[in-house]
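Down below is the structure, laid out as structure tokens.
Nothing in this text is a laboratory measurement; each read-out follows from the coordinates by a stated rule. Since the model is a prediction, treat every value here as computed from it, not as a measurement.
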Amino acid sequence: MNMHAIIDAPQVRLADLSDEDELVELTRAAHKETGLRYDSNEPLPFSEKKVRAMVRRIIPQYHNCVIGIIGSPGQMQGSVCIVRDEPWYSEQEIIQEKWNFVFPEYRKSNNAQTLIAFSKAVACAWQRLLIMGVMSTERQPAKMRLYRRQIGCEPFGGFFVFDYNQSVGG
């Protein structure tokens with residue numbers, strides 16, 4: 001499938017290898033704001049090596065994954081990464097959003113909505129369920145409202161993070 005054919009919003013472009021450094025910085029910023037945390041509020045360690053490997057694996061293929069970017073090379077404003085996967089209990093593929101992040105200086109815009117619309121267009125093109133989540137240490141209720149409006153449904157479930165460091169005596 002030609003991924004370029006599904007983009008109906010000219011503001012979103014597909015990432016290429018020249019975007020690698022900016023994508024690493026974007027995911028570092030996303031991790032700072034949305035990364036899983038211990039009870040101490042300390043985030044799990046960020047692995048630049050792992051992020052770079054994932055970006056290098058995704059960009060050349062674009063048949064199981066896609067990274068959409070808003071902004072020209074060297075001036076990235078935001079990005080979304082979605083990946084085909086299978087739930088552990090089914091052979092039916094789904095699409096999972098790995099990140100949807102807009103740099104803070106570009107949040108007074110429609111960038112987040114545009115990236116969500118892009119993800120929905122990919123899901124329609126691939127004819128798969130799209131699973132998106134909100135993990136945030138900042139403005140989580142506002143982000144939940146944005147996703148409700150843009151997707152048009154209520155969240156499905158929730159998850160809890162148990163910190164083994166706090167389990168002593170409990």
- request: Would you list which aspartates and glutamates come within 19 Å of LYS120, measuring only between C-alpha atoms, while excluding same-chain residues fewer than 8 positions from it?
  value: ASP8, ASP85, GLU86, GLU93, GLU97, GLU154
task: Read phi for every residue in region 103-116 and hand back ³J(HN,Hα) as whole Hz from Karplus 6.51 cos²θ - 1.76 cosθ + 1.60, θ = phi - 60°, with x for Gly and Pro.
output: 4, x, 5, 10, 7, 8, 8, 9, 4, 4, 4, 5, 5, 5
- request: Give a residue-ordered list of calculated ³J(HN,Hα) values for region 73-79 (Karplus: 6.51 cos²θ - 1.76 cosθ + 1.60, θ = phi - 60°; whole Hz; x for Gly, Pro).
  value: x, x, 9, 5, 9, x, 7
- prompt: Setting aside same-chain residues fewer than 8 positions from LYS49, which aspartates and glutamates have a Cα under 13 Å from its Cα?
  reply: GLU20, ASP21, GLU25
message: Under 8 Å for C-alpha pairs, at least 6 residues apart: give me the relative contact order for region 1-122, rounded to a whole percent.
response: 27
query: For region 118-123, what does the Karplus curve 6.51 cos²θ - 1.76 cosθ + 1.60, with θ = phi - 60°, yield as ³J(HN,Hα) per residue in whole Hz, taken in order and with x for Gly and Pro?
result: 4, 4, 5, 5, 5, 4
